[in-house]
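The structure under discussion appears below in the form of structure tokens.
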Amino acid sequence: MPEQPQTGMGSIIAIVGDAGDRLCRFTQRWIPDSWVVCMILTVTAILLAMFGADATLNESVLAWGNGMWSLLELAMQFTIAMIAAHACVASRPVYRFLDWLADLPDKNRPVQAIAMIGAYSLVTGYLNWALSVVASALFVPFIARRNPKADIRVIIAAGYLGICTIWHGGLSGSA
């Protein structure tokens, strides 16, 4: 029996889903791995230094290496922020709180679960960017388990809401 064409909101969701699948296949086939991009940018930077600034190969490589280590302080600050956020969120009392919070939305209304994780992500994003990344990622399984009718893809997208929209205006906006 042929499948009936969808009407209304269902057809829009199907169109967006098909477009997403096509973009995913294109990306997986044609976009190189991050390591390849890193190596291409490294070679480009060295060539530009050699031919644009008349530096020798040795000077270019040394400058690239020294510049890399100058980023170490910032990288370690970001690392400590992420580890501290994980230590705060991954405790037993917080897990109980997340489980309780995920149980609040009505199981028959997935939009409530999506709104819950979106609001949670916005609040944690306002407090700290690292907290939003870690806390929202850890909250996703709780919401998905307690609200099985909610689409996991939308739950994950709502979990990124805080880090994508509000973190720069929040309390840790210097990051």
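The values are calculated or read from the model by the stated rules, or taken from the named source; none is laboratory data. These figures come from a predicted structure and were not determined experimentally. Don't worry about glycine lacking a Cβ; one is built from the backbone with ideal geometry, like all the others, and counts go over all protein chains shown.
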- Message: The conditions are (1) over 19 Å from the mean Cα position of the chain (by Cα); (2) surrounded by fewer than 14 Cβ atoms within 10 Å (Cβ to Cβ); (3) in contact (Cβ under 8 Å) with a residue 12 or more places away in the chain; (4) not assigned by TED's automatic domain parsing to the domain that holds CYS38, and ASP106 fails exactly one of them. Which is it?
- Response: (3)
- Which residue, of ALA90, ALA158, is touching a residue at least 12 places away in the same chain (Cβ under 8 Å), among the aliphatic types (A, V, I, L, M) and surrounded by fewer than 20 Cβ atoms within 10 Å (Cβ to Cβ)? ALA90
- Message: Tell me yes or no: at least one residue of the stretch 118-134 is in the same structural domain as ALA158 (by TED's automatic domain parsing) and either touching a strand residue (DSSP E or B) at 6+ places or on another chain (Cβ under 6 Å) or more than 19 Å from GLY173 (Cα to Cα) (or both).
- Response: yes
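Is it fair to say ARG146 is among the charged types (D, E, K, R), over 24 Å from VAL16 (Cα atoms) and not assigned by TED's automatic domain parsing to the domain that holds ASP21?
On the way: among the charged types (D, E, K, R): yes; over 24 Å from VAL16 (Cα atoms): yes; not assigned by TED's automatic domain parsing to the domain that holds ASP21: yes.
Here the answer is yes, as ARG146 does meet what is asked.
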- Task: For residues that are in a helix (DSSP H, G or I) and hydroxyl-bearing (Ser, Thr, Tyr), scanning just the stretch 79-136, find the one that is farthest from ILE166 (Cα to Cα).
- Result: TYR95
- Task: Examine the stretch 141-152 for a residue that is under 13 Å from LEU98 (Cα atoms), aliphatic (A, V, I, L, M) and surrounded by 16 or more Cβ atoms within 10 Å (Cβ to Cβ), and state whether such a residue exists.
- Result: yes
- Residue among PHE26, PHE78, PHE97 that is over 30 Å from TYR120 (Cβ atoms) and either out of contact with any Ser or Thr (no Cβ under 9 Å at 6 or more places or on another chain) or surrounded by 11 or more Cβ atoms within 10 Å (Cβ to Cβ) (or both): PHE26
- Query: If only one of GLY173, GLY125 is surrounded by fewer than 16 Cβ atoms within 10 Å (Cβ to Cβ), more than 25 Å from GLY20 (Cα to Cα) and of a type outside the set (Asp, Glu), which one is it?
  - Reply: GLY173
- Item | First in the stretch 69-84 and within 18 Å of GLY173 (Cβ to Cβ), second anywhere and not β-branched (Val, Ile, Thr), Cβ under 6 Å, 6 or more apart | ALA81/ALA130; MET82/ALA130
